[in-house]
Amino acid sequence: MRPADLLAQIPLFQGLADDDREALAARLAEKTFKAGDIVFSQGDSGSSMYLVQSGAVQIYLPSADREQPPVVLKDLRTGEYFGELAIFDDKPRSASVRALVDTVLLELTREELGEHLGRSKTAAMTILSEMAERLRETNALLSQRAAKNVVAELEENLTWGQRLADKVAEWNGSWGFILFLLGLSFAWAGMNHWLPKPFDEYPYQFYNLFLAILVALQGPLIVMSQNRQTTKDRATAETDFHVNLKNEVGIEKILAELGAMRAETNKRLEVLERAARNDRVRAEVPVKTPGGPFGTA
């Protein structure tokens, strides 16, 4: 895929004119990584973003305990990008990235982007507009809690047909439906046996037709309900993943802060112990005076 086409897939550069994208694509530098190579580590200083031209990379948070596996945030494939924040600030990298397979990345540095934006005011305004829109989306996302009842949200938006399918599937899996069919079958056979003029004599063709139509309608309704249940399970699993990920990142941050606080506390205790030891030494050593080795009364 052409570098300009890769840029066109990135929301940050989608609004650029074709000439701007072509000029920016010419500034991309190709970087090759073997499987397992580290692109950059959390805490590293960086001033460039990357586009995956071929291969795959993994974004992860290293664990404080080396025996524990890292927290995987996302796997990126061809056409995706990462590290875009580094071209706008000087803060350390917030996560680590490694190549999952042999990978070719296209690097766009802050200097190259700044030089191009200095020559094209339209491109600068387009990128600033896109950044403002993404900032609004981020603010809206952060204002929401990760834990939510996705099942209740899905059920609130069901149509009457979907609710009917769920009711049918629920009723079909109950003893009430079994007893209803048994009762209806005995009543149908009894009426056609005892009535003077039976309306459906043995072998009950109309009743068999009714059952066939009932089964034909039940099947799609049950499948619809099962597909919707699968959607609910998938949404619940995704929500659980986000909650667990947020909790794990929070715990990692708390552990790091506790470690820093413990180190700071140990330093202060050492200073206090050293000061107390000096005070004891000064109290034990007598003060010499001019009247004699131990002073005069």
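The values are calculated or read from the model by the stated rules, or taken from the named source; none is laboratory data. Being a predicted model, the structure only gives us computed values, none of them experimental. Note that each Cβ is placed from the backbone with ideal geometry, even for glycine, and that neighbours are counted across all protein chains shown.
Worth pointing out:
- Among the candidates Ala8, Ala26, Ala17, Ala64, residue that is more than 17 Å from His116 (Cα to Cα), surrounded by fewer than 19 Cβ atoms within 10 Å (Cβ to Cβ) and either not assigned by TED's automatic domain parsing to the domain that holds Lys253 or not β-branched (Val, Ile, Thr) (or both): Ala64
- So Glu22, is it without any contact (Cβ under 8 Å) to a residue 12 or more places away in the chain and either on the phi < 0 side of the Ramachandran plot or acidic (Asp, Glu) (or both): no
- In the range 38-61, the residue that is modelled with the highest pLDDT out of those that are surrounded by fewer than 16 Cβ atoms within 10 Å (Cβ to Cβ) and out of contact with any Asp or Glu (no Cβ under 9 Å at 6 or more places or on another chain) is Ile38.
- Qualifying positions in the range 72-127 - surrounded by fewer than 16 Cβ atoms within 10 Å (Cβ to Cβ) and in a strand (DSSP E or B): Val72, Lys74, Asp75, Val104
- Filter result for Leu221 (in contact (Cβ under 8 Å) with a residue 12 or more places away in the chain, within 23 Å of Thr159 (Cβ to Cβ), assigned by TED's automatic domain parsing to the domain that holds Gly173 and in a helix (DSSP H, G or I)): yes
- Cβ-Cβ distances below 9 Å connect the following pairs, each with a first residue in the range 158-178 that is within 12 Å of Ile222 (Cα to Cα), a second residue that is acidic (Asp, Glu), and a separation of six or more residues or different chains: Arg163/Glu155; Asp166/Glu155.
- The set of residues in the range 1-17 that are assigned to a helix (DSSP H, G or I) and touching a residue at least 12 places away in the same chain (Cβ under 8 Å) comprises Pro3, Ala4, Leu6, Leu7, Ala8, Pro11, Leu12, Phe13.
- Of the criteria (1) at pLDDT 80 or above; (2) surrounded by 10 or more Cβ atoms within 10 Å (Cβ to Cβ), which one Val281 fails: (2)
Yes/no matrix, rows are residues, columns are (1) of a type in the set (S, T, N, Q); (2) at pLDDT below 80; (3) surrounded by 11 or more Cβ atoms within 10 Å (Cβ to Cβ); (4) not assigned by TED's automatic domain parsing to the domain that holds Pro70:
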position	(1), (2), (3), (4)
Leu181	no, no, yes, yes
His193	no, no, no, yes
Leu211	no, no, yes, yes
Leu217	no, no, yes, yes
His242	no, yes, yes, yes
Ala256	no, yes, yes, yes
Arg262	no, no, no, yes
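- Within the range 223-236, considering residues that are among the aliphatic types (A, V, I, L, M) and at pLDDT 80 or above, the one surrounded by the fewest Cβ atoms within 10 Å (Cβ to Cβ): Val223
- Inspection of the range 23-31 finds a residue satisfying the criterion of being touching a helix residue (DSSP H, G or I) at 6+ places or on another chain (Cβ under 6 Å) and either modelled with pLDDT of 90 or more or charged (D, E, K, R) (or both).
- Leu154 vs. criteria part of a loop (DSSP other than H, G, I, E, B) and of a type in the set (A, V, I, L, M, F, W, C): no
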